[in-house]
Amino acid sequence: MTREAPQEDHDNPPQPGTSDPAKPRRRGLARRHLILGGGAAGLGALAGAATLLPGRASDGGAPPSDMAAGQAGEPHGTGTVPFFGARQAGIDTDAQAHGNFVALELRPELPRERVGALLRLLTDDAARLTQGLGALADTEAELAASPARLTVTFGFGPGLVDLVDPAQRPPWLMPLPAFGIDRLRPEFSGGDLLLQICSDDPLTVAHAQRMLLKDARSFATVKWVQQGFRRAYGTERPGTTMRNLFGQVDGTSNPVPSSEGHEEVVWGAGSHPAWVENGTSLVIRRIEMNLDTWDELDRSGRDASVGRRMDNGAPLTGTDEFDEPDFQVLNTVGFPAIEDFSHMRRARPEDPSQRIFRRAYNYDGAPAAGQISGSGLIFASYQSDVARQFTPIQQRLDELDMLNQWTVPIGSAVFAIPPGCEEGGFIGEHLFA
Ligand code: HEM
């Protein structure tokens, strides 16, 4: 049972990203056999093959007509998402325009009971703020008045669980294995307690974050903050698949909440103890996207890197975003129309039990010396079992993925997402039982 109250314009959103709003979004993945024998190839070869793809030369950058101005949803500054319930909000919630991910580190020697007190305090703040009320002793309560679908989702890192009850740590709650592509920085990795704060209004996010951190101050310090965004609310139809800063339609083959398989992928039985029942796991990867070198790639090379068209996200063997890709199709010179080393082909699990639910945000940071872009993706994926679902996909991408030429993971963290709670309770209470 999910906890979201229907929002006025989220009750029956047009089908995401389809060129016809009335057209049903097709869900579910064909379980085609992946032929991955080709091995790695250099950029030159990839670009060469890419330019030979039929009918994919420079599709042009104009947005599809259905995304034109004038079709935006209604403003909903006072919209609220219920806080109390069996599951935490912020996962099945239709992604808000802004998302801050804040990782806290518990102060050294913090007693176990104090962790409980911290969670009680933050639960109370989150419950109030998400409903448009000021937090406890809120000095700027006026800023809480427009929650704009604010959600605060709590995640527990390995350190917090070990402090409370190490016997209850799920086997997957640990840092991910090291990957060859990783260039991880401590300032974007790990953490004991995660606060995922999402809203359609950035001022609301900033205020909620400040209130939560004020109350957490004597228990914990801030380890990292990652500030993410999608398109501003109202700029396109609700439910449209997001675009990342490469310009790609990102999230098409995603088991979104209303689709078949979502329940199992995110909330299904995983290898976790009872206190995570009705909870899930979250992997956050901060991934740099090198727009400076991406600029050197033409449109057909860009299409080939993922195996989908830049203009509408359709697979290179189809015309509509939600067409099922056909990996058997060859182009006129005998290369697969969707390359074996394209991101989609490599990321697509052959085994349905390995699927993940992505809910990413873009970030735009300061450029490194000599560059003009500091952009990337706060890749956030939810799955009931990190080791069974996420890790095999990341391992395949680590071995071979055309996108690796422009992307570098620089942060990594894994959290258990406990279930929700009822009024009077607090998030994570079953861990203390
Ligand atoms: C900056 C890094 C990344 C970018 C720009 C990116 C972009 C994309 C794009 C454009 C698609 C195709 C549309 C879609 O179905 O969403 C896609 C698909 C996908 N990506 Fe990524 N991605 C990135 C990193 C990752 C990572 C780290 C993982 C997991 C370890 C991942 C897993 C997937 C999966 C599972 C799919 C769907 C494959 C399918 O079944 O068709 N991606 N990604």
Original post:
Of the residues that make up region 264-271, is at least one touching an Asp or Glu at 6+ places or on another chain (Cβ under 6 Å) and either within 30 Å of residue 433 (Cα to Cα) or open to solvent by 10 Å² or more (accessible area, probe 1.4 Å) (or both)?
Top reply: yes
**OP:** State whether one or more residues within region 388-398 are more than 8 Å from the ligand (Cβ to nearest atom), under 24 Å from residue 99 (Cα atoms) and acidic (Asp, Glu).
**Re:** no
**OP:** Within region 328-358, work out how many residues are near the ligand (Cβ under 10 Å from one of its atoms), of a type in the set (Gly, Ala, Ser) and free of Cβ contacts under 8 Å to residues at least 60 places away in the same chain.
**Re:** 1
Original post:
For region 306-320, how many residues meet the condition of being touching a residue at least 60 places away in the same chain (Cβ under 8 Å) and part of a loop (DSSP other than H, G, I, E, B)?
Top reply: 7
Original post:
Somewhere in region 353-364, is a residue within 13 Å of residue 396 (Cα to Cα) and surrounded by fewer than 20 Cβ atoms within 10 Å (Cβ to Cβ)?
Top reply: yes
**OP:** Would you point out the residue of region 252-263, among those that are surrounded by 15 or more Cβ atoms within 10 Å (Cβ to Cβ) and hydroxyl-bearing (Ser, Thr, Tyr), that is farthest from the ligand (Cβ to nearest atom)?
**Re:** 259
Subject >> Failed item, numbered, when residue 234 is tested on (1) part of a loop (DSSP other than H, G, I, E, B); (2) crowded, with 21+ Cβ neighbours inside 10 Å >> reply: (2)
**OP:** Within region 112-131, identify whether any single residue is at pLDDT below 95, over 17 Å from residue 194 (Cβ atoms), surrounded by fewer than 18 Cβ atoms within 10 Å (Cβ to Cβ) and small (Gly, Ala, Ser), and answer yes or no.
**Re:** no
Original post:
Which one is nearest to the ligand (Cβ to nearest atom), of the residues in region 272-296 that are among the polar types (S, T, N, Q) and open to solvent by 10 Å² or more (accessible area, probe 1.4 Å)?
Top reply: 290
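The values are calculated or read from the model by the stated rules, or taken from the named source; none is laboratory data. What you are looking at is a predicted structure, and each value in this text was computed from that prediction instead of being measured. Using ideal geometry, Cβ is built from the backbone for each residue, glycine included, and neighbour counts are taken over all protein chains shown. Accessible surface areas use protein heavy atoms only, side chains included; no ligands, DNA or RNA. Shrake-Rupley method; radii C 1.70, N 1.55, O 1.52, S 1.80 Å.
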